[in-house]
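One structure below.
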Amino acid sequence: ITCESPIEKGYYNVEGRALKLKPICIHCGEMCSTKTLLGQEQLEQRCLTNGFTCYPICVECLDSGCKILTSGRKNEVKARADSERKAERVKKGKKGKTGNK
């Protein structure tokens with residue numbers, strides 16, 4: 001184990017476990033503010049989960065190219081919803097750009 005090693009997945013809260021730990025970035029281990037640490041809800045809002053349950057990642061690690069690590073099986077319904085939201089955002093972005101000319 002080195003400083004570059006990701007946080008062990010066993011650290012993160014498991015349903016039914018009595019010991020509850022504060023969320024930290026899976027890559028750097030920082031206990032960031034809720035504005036800079038992206039949990040499942042924030043990753044879903046950004047359409048970055050692709051239907052998976054994801055480990056927390058800080059904005060700095062995400063921006064530096066670190067991968068979003070996932071656990072469990074893919075939820076196809078959530079994946080489809082993410083895909084549709086992404087397409088809608090792209091469509092809205094194109095409409096806004098063409099309307100500004």
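Miscellaneous remarks
- Among Tyr12, Ala79, Leu62 the positive-end extreme of the charge dipole of the chain (Cβ point charges): Ala79
- Springs join every pair of Cα atoms under 10 Å in this Gaussian network model of the chain, and among Lys22, Lys78, Lys67 the largest mean-square fluctuation is at Lys22.
- Shape category assigned to region 14-65 from the gyration tensor of Cα positions, a/c cut at 1.5: oblate
- Solvent-accessible surface of region 1-80, averaged per residue with a 1.4 angstrom probe and all protein chains in place: 70 square angstrom.
- Going by accessible surface with a 1.4 Å probe and the largest first, Leu21, Leu38 read Leu21, Leu38.
- Residue-wise HN-Hα couplings along region 80-90, as the Karplus relation 6.51 cos²θ - 1.76 cosθ + 1.60 with θ = phi - 60° gives them from phi, are 5, 5, 4, 4, 5, 5, 4, 4, 5, 5, 5 Hz; Gly and Pro carry x.
- Ile68 accessible area, assembled protein chains, probe 1.4 Å, Å²: 40 Å²
- Portion, in percent, of the accessible area of the chain that falls on carbon or sulfur, probe 1.4 Å: 54 percent
- From the coordinates shown, percent of Cα pairs over 19 Å apart corresponds to which of (1) 78; (2) 52; (3) 66: (2)
- Calculated [θ] (222 nm, deg cm²/dmol) that DSSP helices of n ≥ 4 give over the chain, each run adding -39,500 (n - 2.57): -10500 deg cm²/dmol
- Integer Hz, Karplus 6.51/-1.76/1.60 couplings in order for region 55-62, x for Gly and Pro: 7, x, 9, 7, 4, 4, 5, 4
- Cut-off under 5 Å, modelled amide H: who pairs with Glu30 long-range: Cys25
- Taking amide H positions as modeled 1.01 Å from N, with prolines and chain starts lacking one, the residues under 5 Å from Thr53 and 5 or more places away or on another chain are Ser71.
- Note on the chain: with charges restricted to the Cβ of Lys and Arg (+1) and Asp and Glu (-1), its dipole about the Cα centre is near 760 debye.
- In the assembled protein chains, Tyr11 presents an accessible area of approximately 60 Å² (probe radius 1.4 Å).
- What the phi angles of region 22-30 give under the Karplus curve with 6.51, -1.76 and 1.60, with θ = phi - 60°, is a coupling list of 6, x, 9, 5, 5, 8, 9, x, 6 Hz, glycine and proline written as x.
The values are calculated or read from the model by the stated rules, or taken from the named source; none is laboratory data. Predicted model only: the values in this text are computed from it and were never measured. With ideal geometry, Cβ positions are generated from the backbone for all residues, glycine too; neighbour counts draw on all protein chains shown. The protein model used for the area step is the full one, side chains on, heavy atoms only, and it has no ligands, DNA or RNA in it. Shrake-Rupley method; radii C 1.70, N 1.55, O 1.52, S 1.80 Å.
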